[in-house]
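The values are calculated or read from the model by the stated rules, or taken from the named source; none is laboratory data. Small disclaimer: the values here were computed from a predicted structure and weren't measured. When we count neighbours, we look across all protein chains shown, and the Cβ atoms used for this are built from the backbone with ideal geometry, even at glycine.
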Amino acid sequence: MTRRLPACRKMMYDLLAMPLFVVNTHMAYPGIVRVVAIVSLAAALAACGSPGGKSSSPVAQRGAYKVGAPYKIDGVTYTPQESFNHVETGVASWYGPGFHGKSTANGEQYDQRDRTAAHRTLQMPSIVRVTNLDNGLSTVVRINDRGPFARNRVIDLSRTAAEEIDIIRSGTGRVRIDQLTTESMTVKEVALGGGGPAEQNAAIAQLAAGQRRTPAAPPVQVMASAQPAAAPPPMVQAAWPANPRPPAVDTATPAGGATVGSLAATSSVPVVTWASGFYVQTGSFSTAENAERQRGAVRSYGASEIALGSASGRDVYRVRLGPYTTADAAAIVADRLKRSGYGDARVVSD
């Protein structure tokens, strides 16, 4: 038995490392997949045969960082690659009860209650924001599986993620995928260090908390208001929760992109030309540094930038989210910001 133990380990790892279309049953040809998976698993168990018979691979339990080699399904070749700024639009679908508890492409155990998703080429794990283009709802998910391969769909969401952007009943929806650069780099480091899903989620939560830790100075009140200007309190809810299944940050993401400038390393801020539409203004500040702090704090609510304006002969730096196609869509985001402590959030239009 001691001679066969290394072969056992190798076979189990080889099985876990098999191409996605062989291991995952929510891909193409599920019937063939089941046969291949059963035969492979039987061979692995035979090599591991012993009275105790335990085969507990840490990769299977915790998942692993994986990019993977090119693979072909139904005549189409897919080439996985590491990316940190991926943007894509297309149709999303979801998968749930039939795959709950089964292994994902990187060796994790699929849980339909988690905020996860399958993508055809992005590295695992990586973090993306998925926005429903029909209703503005969005969710942040962790890529830990491969797929989908049907009807040119671009992402397969867990049940929880699908609920958050309201595509459970329809089964599919038009979405935009925006990869979160810093978050994706963070989970890569955690995974390469042996951290599983819980550790990855905790690292993202810590990252989000760090972005909000420094309170901003009181903003300059630009628009007339019955209430005096006050600094928004730090957000309590993290962009990515420490608990794998906390309440979602259901946010509406801007329907269109604006050509905007971003703050340079110095305090000099270029004049920004905003696209027409509706925006949510979260604050006006007398210094670029304070505006940048708030912009970082509200980034989980969607695209945010800083516009340079003037009031009473002084420069002011306005933090805005948008643009949104309708005032109602912007109002939804403003309401969520207010409930999170940003009392000065308001809808403005250009």
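Of everything in segment 259-287 that is among the aliphatic types (A, V, I, L, M) and either in contact with a His (Cβ under 8 Å, 6 or more places away or on another chain) or at pLDDT below 90 (or both), the residue that is farthest from Leu321 (Cα to Cα) is Ala265.
Take segment 285-325 and flag every residue that is under 16 Å from Ser138 (Cβ atoms) and assigned to a loop (DSSP other than H, G, I, E, B). Give the derivation first.
Let us first name the residues in segment 285-325 that are under 16 Å from Ser138 (Cβ atoms), namely 298-304, 321-325.
Scanning segment 285-325 gives Val298, Gly302, Ala303, Thr325.
Of the residues making up segment 326-350, those that are in contact with a helix residue (DSSP H, G or I) (Cβ under 8 Å, 6 or more places away or on another chain) and part of a strand (DSSP E or B) are Arg346, Val347, Ser349.
Residue-by-condition table, conditions (1) modelled with pLDDT of 90 or more; (2) assigned by TED's automatic domain parsing to the domain that holds Thr325; (3) among the basic types (Lys, Arg):
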position	(1), (2), (3)
Gly52	no, no, no
Arg62	no, no, yes
Lys72	yes, no, yes
Tyr78	yes, no, no
Ser83	yes, no, no
Gly96	no, no, no
Arg120	yes, no, yes
Gln123	yes, no, no
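When every residue of segment 102-112 is checked against the conditions, none turns out to be surrounded by 20 or more Cβ atoms within 10 Å (Cβ to Cβ) and under 12 Å from Glu164 (Cβ atoms). Taking the listed residues Arg146, Arg151, Arg159, the one that is in contact (Cβ under 8 Å) with a residue 40 or more places away in the chain and crowded, with 24+ Cβ neighbours inside 10 Å is Arg146, with no other qualifying. Residues being out of contact with any His (no Cβ under 6 Å at 6 or more places or on another chain), farther than 23 Å from Val130 by Cα and of a type in the set (Gly, Ala, Ser) are entirely absent from segment 323-331. Cβ-Cβ contacts under 7 Å between residues 6 or more apart (or on different chains), taken from a first residue in segment 311-337 that is free of Cβ contacts under 8 Å to residues at least 40 places away in the same chain to a second residue that is not in a strand (DSSP E or B), are listed as Val319/Ala291; Val319/Gln294; Val319/Arg295; Val319/Val298.
Here's a check for you: in segment 162-188, which residue that is farther than 20 Å from Gly90 by Cα and hydrophobic (A, V, I, L, M, F, W, C) is surrounded by the fewest Cβ atoms within 10 Å (Cβ to Cβ)? Residue satisfying both the conditions and the ranking: Met185.
Among the residues in segment 104-113, are any aliphatic (A, V, I, L, M) and within 18 Å of Gly171 (Cα to Cα)? Within segment 104-113, none of the residues are aliphatic (A, V, I, L, M) and within 18 Å of Gly171 (Cα to Cα).
State the number of residues belonging to segment 80-101 that are in a loop (DSSP other than H, G, I, E, B), loosely packed, with under 15 Cβ neighbours inside 10 Å and out of contact with any Lys or Arg (no Cβ under 9 Å at 6 or more places or on another chain).
Initial filter on segment 80-101 (in a loop (DSSP other than H, G, I, E, B)): 80, 82-86, 95-96, 100-101.
Add one more test, that the residue is loosely packed, with under 15 Cβ neighbours inside 10 Å, and what stays is 82, 85, 100-101.
In the following step, the residues that additionally are out of contact with any Lys or Arg (no Cβ under 9 Å at 6 or more places or on another chain) were identified as 85, 101.
Qualifying residue count, segment 80-101: 2.
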